[in-house]
Structure formats: C-alpha cells, structure tokens
Amino acid sequence: MTRRRFARAWWVGWVAVVVCLALPGLLFAQAQPKPPTPLPVPKAAPAKPAEPAKKPEPAKEAAPAATERDPFEPLVIKAAPGETSAIQVTSLRLVGVLWDAARRDVRALVQTPDGLGYYLRVNEEKFGGRVTAIEPDRVRFTLREQDPGGQVRTRTVELKLGGQ
C-alpha cells in the first residue's frame with residue numbers, strides 16, 4: 001500500500017469514527033423544553049378592614065400514645081382453645097336462615113350485640129357452644145357447662161327468628 005492510499009484510508013477511518021459518534025447524538029437529541037408560561041395574576045379584591053389580632057392559644061399537648069392503635073396489632077384476636085369466648089350464645093340474635101337446595105346446605109345468620117354478623121352451620125362450634133340444629137325459624141345450640149361440684153352438664157339454648 002502506498003503512502004497516499006494509507007493516508008486516505010486513515011482519514012476515511014477517522015471520518016467514519018466521527019460520524020458514528022456524532023450521528024446518534026444528532027438523531028436522538030432531545031428538544032429543549034419550552035419555559036412554562038407565567039400564570040395570570042388575579043385582580044386584587046377590595047381590602048377588608050383589619051380584624052383585631054387574636055391572642056395565640058398555648059400549644060396543647062399531643063394525645064397520649066396509649067390511645068393510638070398499633071397498626072401492626074391484629075384487629076380480630078382469636079381466643080385460645082382453653083379460653084372462654086367473650087360473646088355468649090344467649091346474647092346472640094337470629095337474623096335469618098339460608099337454605100341452599102342445590103348443595104343441601106343450611107346456614108344461620110346471627111348477630112352479636114356489637115352488630116357483627118356470623119354465618120353458622122350445623123356442628124360448628126362458636127360462642128362457647130355447638131350448633132346442633134337449624135330449622136326454618138330457629139337455631140339450637142348445645143352448651144357444655146361445668147357446675148361448682150365438678151359435674152359436666154349439657155344445656156340446650158334455642159334462638160328464635162325475630163327474637164330471643
């Protein structure tokens with residue numbers, strides 16, 4: 001290769017490098033954003049007479065932290081197997097009975113004194129008793145109680161639709 005050809009190839013190579021480096025910058029360059037237009041200034045309203053200055057109130061103390069609820073504490077706490085339920089069967093109110101003929105499933109809807117509703121099925125244990133029967137207008141619970149003498153006795157509690 002002669003000296004001229006070598007020099008020409010060298011210049012062509014450098015031009016190709018410069019074009020390769022500059023071309024993406026030219027093609028993908030972002031346009032300068034337009035400056036935001038200034039907001040119109042509202043017209044001044046007529047001046048109102050100055051009110052007498054109020055005395056600043058002393059800063060009140062923040063509420064104690066004990067009243068705030070811990071966000072990581074569960075809202076519903078399940079009773080341990082040995083504990084008695086806080087809601088007793090006698091305090092429940094029967095709201096309705098649901099019959100599903102297709103699945104042959106019967107459920108009773110009961111409401112606690114605080115307004116919460118629960119669906120109950122036959123043989124389900126809740127509120128310190130076991131659901132033994134669900135009829136169209138009533139629900140029967142069986143409670144096992146231990147008297148002071150140590151004997152265990154069984155008692156049946158019946159909730160009627162529309163009342164106790």
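Each Cα pair under 8 Å and six or more residues apart adds its separation to the average, and for the range 83-160 the resulting relative contact order is 24 percent. Relative protection proxy for 134-142, 93-101, from highest mean packing down: 134-142, 93-101 (other beta-carbon atoms within 10 angstrom). Over the C-alpha atoms of the range 83-160, the Rg to Rh ratio, Rh being the Kirkwood estimate, stands at 1.01. With the charge dipole of the range 89-144 set up from +1 on Lys and Arg Cβ and -1 on Asp and Glu Cβ about the Cα centre, the Cα lying farthest toward the positive end among the listed residues Ala133, Pro113, Val95 is that of Ala133.
Each reported figure results from applying straightforward, stated rules to the coordinates on display, with no laboratory input. Source: prediction; values computed, not measured. In this analysis, Cβ positions are derived from the backbone assuming ideal geometry, glycine residues included, and neighbour counts consider all displayed protein chains.
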